[in-house]
Amino acid sequence: ATGTYYIGKTAEAEARGDTAAMRVAIGTAARFAPADLFFVPQYEARWRALMLKQPNNFSPDEKKAMIDEGLRQTDRALVLNTGFAYIRVTRAGFYGMAQENGFMPDGDDRAIVELKKVLKADPLSLEARYALSYIYQRRGELKEALNVLGEGLNWPRPKGQPEIDFMVSVALLCQTTGNQECYRRLIDAARNIAIGY
């Protein structure tokens, strides 16, 4: 019970971007939780991902060590819960960071494999769709990026601001690819939904 409580505190700290509080909460959760609680390695990985996104002065060696340990923690979490697709989103993020920093030349390819597995298991995962679309955009594959995001319109979406943000993201990709009709239709729909809320 104590381990579960502090995992909740870890998630709250992550949502605030508070890496120090997140570190303390993970350590406390690990102390009290059963050894096979997959949330502990999951959040160990997510803490490293959050640290790497903060303005910092990590050396290349430190970045590589953080990425390697993050991947090791996601591997551990998947051993403990093979069916939890969300962990693969975190792992894909590390693969992407590894490629961007020159540590893994096939990092994007590995990330794409992971994210496709997530969407096969959970097509409602907007985080996986955003991540996969971002990789395709970075590679200049705009049609693929639009397909990935656009398919998300076929599924129920979180209500409120996340739904509006998602529709606008798809609309902007339509505009980038030159499909003005799609852009206008989605922007109008997003506006109407926003007015409804």
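In summary, the lysines within cross-link reach of K63, defined as a Cα separation below 20 angstrom excluding same-chain residues under 8 places away, comprise K53. Once the 1.4 Å probe is applied to the protein heavy atoms, the stretch 22-87 comes out at 54 Å² accessible per residue.
Using only DSSP helix segments of four residues or longer, with each worth -39500 (n - 2.57), what per-residue ellipticity at 222 nm results for the chain after dividing by its residue count and rounding to 500? Don't skip to the answer; put the middle values down first.
Values: 10 runs with 151 residues, N = 197.
Rounded to the nearest 500, the figure is -25000 deg cm²/dmol.
Pairs exceeding 28 Å between alpha-carbon atoms, taken from K116/K159; K64/K143; K9/K120: K64/K143; K9/K120. Assuming charge only on the beta carbon of Lys and Arg (+1) and of Asp and Glu (-1), the dipole of the chain about its Cα centre is about 240 debye to the nearest 20. Solvent exposure of the stretch 117-196, expressed per residue, is 57 Å² of accessible area, with all protein chains present and a 1.4 angstrom probe. Restricting the trypsin sites (Lys or Arg not before Pro) of the stretch 1-44 to loop positions (DSSP other than H, G, I, E, B) with no more than 13 neighbouring Cβ atoms within 10 Å leaves nothing. Of the trypsin sites (Lys or Arg not before Pro) in the stretch 61-143, the ones in a loop by DSSP (not H, G, I, E or B) with at most 16 other beta carbons within 10 Å are R139. Checking [x] 32, 21, 15; [y] 61, 22, 11; [z] 33, 17, 15 against semi-axes √(5λ) of the Cα gyration tensor in Å calculated from these atoms, the matching label is [x].
Computed over the chain with a Gaussian network model linking Cα atoms closer than 10 Å, the most mobile of G152, G93, G102 is G102. Listed values for the stretch 126-141 are Karplus-derived 3J(HN,Hα) couplings in whole Hz (6.51 cos²θ - 1.76 cosθ + 1.60, θ = phi - 60°), namely 5, 4, 5, 5, 4, 5, 5, 4, 4, 4, 4, 5, 4, 8, x, 9, and x replaces Gly and Pro.
The values are calculated or read from the model by the stated rules, or taken from the named source; none is laboratory data. Since we're looking at a predicted model, the values are computed, not measured. Note that we place each Cβ from the backbone using ideal geometry, even for glycine, and neighbour counts take in every protein chain shown. Only protein heavy atoms, including side chains, enter the accessible area calculation; ligands, DNA and RNA are left aside. Shrake-Rupley method; radii C 1.70, N 1.55, O 1.52, S 1.80 Å.
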